[in-house]
Amino acid sequence: MALLALIRIFGFFLFWTLASADGDVLGEARVAKRCYCDLQMSDGPFPRLQFEQLYSVSENCSHRLKDQQFNEPIDIITNMEQRLKSLVQRVNEFEEEYDGELYSIISFRIIEIEIAELTDLLNQLQEKCSRNQNDITELVTQVQNITSQVDELEEYDRLKVVREHRKNIMLEKTLSSCQNALLVTPAPYVTPQIGSCSFGSLKAVSYPKSSMLNHFGTSYPYGSWGKDPLPAAGKEDLYWLVIMSSSNRFGTKIRLFSSHAKFLTKGTHNDVTFKTFNAQGSGGTMFKDAYYYNCYDTGRLCRFDMTTQEVIHVTLPFAGYNDKFPYCTLSSCYMYTDMDLATDENGLWVLYATEFNFGNLVVSRLNTTDLSLLESWNTTLYKRSATNAFVICGVVYATRYLSSETEEIFYMFDTTSGVERNDLSIQFRKVLPGIQYMNYNPRDRKLYVYSDAYIVSYSLTFE
């Protein structure tokens with residue numbers, strides 16, 4: 001448009017100049033003259049009508065995206081969530097009546113009605129989603145067309161003004177972000193004291209936040225999984241999974257996923273195979289870009305470096321192994337869980353038992369480089385009386401089996417004060433009866449659990 005305006009101005013001045021020159025010639029008739037300038041553009045004239053149509057289509061597309069129909073599914077989902085909460089409450093009330101040997105036809109009928117209403121809402125949601133999917137497909141096509149046409153129109157920007165303006169905006173944002181980062185004073189890193197946490201002691205465990213069958217199937221009830229609490233650069237979102245692939249006893253490889261989305265969808269992964277010592281039992285864990293575990297068929301601890309794939313191993317003094325002191329329920333034991341590696345705010349721990357401590361739990365903090373013992377504590381908890389254990393801020397928590405649906409944290413040992421309690425009663429729901437692996441991750445304060453081939457996570461509440 002600016003170019004056309006320049007052409008008009010140029011033509012006016014040329015016409016005015018020629019007209020003045022004619023007036024200066026004596027004796028010649030004054031004849032009106034016009035000057036025509038034929039400018040040939042390689043791209044042709046600017047398509048003004050196409051631009052206006054494109055703008056109109058874009059505006060209409062924006063209005064459609066803001067349409068109420070795209071908010072309706074959200075309203076339905078909110079309604080469904082509220083009704084589900086109400087239904088859970090009804091079912092809980094009914095379970096209480098059932099436990100008291102009271103049977104209520106009314107309760108059954110109320111639950112049937114609420115389920116029917118939920119089914120109706122679900123049908124509405126499916127219908128809305130189906131209809132909106134068609135609209136979204138059409139809008140995606142329009143957006144693609146608009147993008148293509150805008151790219152064509154940019155070719156008329158002869159001086160690259162639009163493109164350079166866009167670059168300047170990006171540079172300004174980057175500069176502003178950099179300046180803001182420079183103004184921030186980083187908080188000094190404070191090494192947490194063993195046995196103390198600013199967020200308090202453990203109060204409760206949530207319902208299972210996520211639950212899914214492991215990536216190899218139900219034939220592998222023993223395994224471990226999670227995230228590295230102190231990952232190497234570039235591996236902050238890495239998830240790992242190790243299963244006991246041979247007789248529930250040992251694993252031969254670590255499966256790695258670069259993101260939570262790929263982990264959940266069982267997408268692209270990388271399998272790293274142990275070169276020498278396989279991992280025995282489901283007590284291994286990842287820490288500082290290395291996998292720590294009980295070396296197969298020995299009383300040794302192994303450290304497998306995830307970058308170099310080198311293994312170092314040392315004997316864990318007097319530790320029971322090969323099912324001598326595993327975790328157990330009243331009726332059975334979890335195979336080869338003699339050595340249980342754990343992580344918390346203070347580093348890496350190993351939980352095990354020795355004959356010198358009469359089969360009771362021993363807690364040791366490890367040097368992550370050479371696997372030497374930094375500190376050790378003997379407790380009075382008989383290891384076979386617990387189903388699993390984990391560590392939070394230097395406090396050891398042990399669990400026991402209550403029923404196929406419920407587990408209970410019943411014991412704690414504070415490594416700072418030496419205080420030992422076995423009267424805790426922090427109960428939480430299980431997805432399946434068995435728990436073969438349990439570990440606390442101080443980075444996200446979640447509990448990662450492997451339960452009868454299912455991988456489960458829990459959120460924790462502190463006081």
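A Cβ distance below 9 Å, combined with a sequence gap of six or more or placement on separate chains, defines the contacts here; from the stretch 236-256, residues that are not assigned by TED's automatic domain parsing to the domain that holds M335 reach no residue that is of a type in the set (S, T, Y) and part of a loop (DSSP other than H, G, I, E, B). Given the structure, is Y437 touching a Gly at 6+ places or on another chain (Cβ under 8 Å), assigned by TED's automatic domain parsing to the domain that holds R300, surrounded by fewer than 19 Cβ atoms within 10 Å (Cβ to Cβ) and aromatic (F, W, Y)? So Y437 fails the test.
Can you give me the number of residues within the stretch 403-415 that are in contact with a strand residue (DSSP E or B) (Cβ under 8 Å, 6 or more places away or on another chain), surrounded by fewer than 20 Cβ atoms within 10 Å (Cβ to Cβ) and of a type outside the set (D, E, K, R)?
Here is the first cut: in the stretch 403-415, the residues in contact with a strand residue (DSSP E or B) (Cβ under 8 Å, 6 or more places away or on another chain) are 405-415.
Filter again for surrounded by fewer than 20 Cβ atoms within 10 Å (Cβ to Cβ), leaving 405-406, 408, 414.
If we keep only those that are of a type outside the set (D, E, K, R) too, we end up with 406.
Looking only at that region, the number is 1.
If I filter the stretch 257-279 down to residues being of a type in the set (A, V, I, L, M, F, W, C) and without any contact (Cβ under 8 Å) to a residue 40 or more places away in the chain, which single residue comes out as surrounded by the most Cβ atoms within 10 Å (Cβ to Cβ)? Step by step, filter the stretch 257-279, then rank; the result is A279. The set of residues from the stretch 237-270 being under 14 Å from G217 (Cα atoms), among the small types (G, A, S) and in a strand (DSSP E or B) comprises just one member, S246. R445 passes every criterion in (1) within 21 Å of W240 (Cα to Cα); (2) at pLDDT below 95; (3) buried (at least 17 other Cβ atoms within 10 Å of the Cβ); (4) not β-branched (V, I, T) apart from (3).
Among the candidates R365, R384, R400, which residue alone is closer than 26 Å to I312 by Cα, in contact (Cβ under 8 Å) with a residue 12 or more places away in the chain, surrounded by 15 or more Cβ atoms within 10 Å (Cβ to Cβ) and of a type in the set (K, R)?
R365
The values are calculated or read from the model by the stated rules, or taken from the named source; none is laboratory data. As the structure is a prediction and not an experimental result, all values here were calculated from the model. A quick note on method: Cβ atoms are made from the backbone with ideal geometry, for glycine too, and the neighbour counts reach across all protein chains shown.
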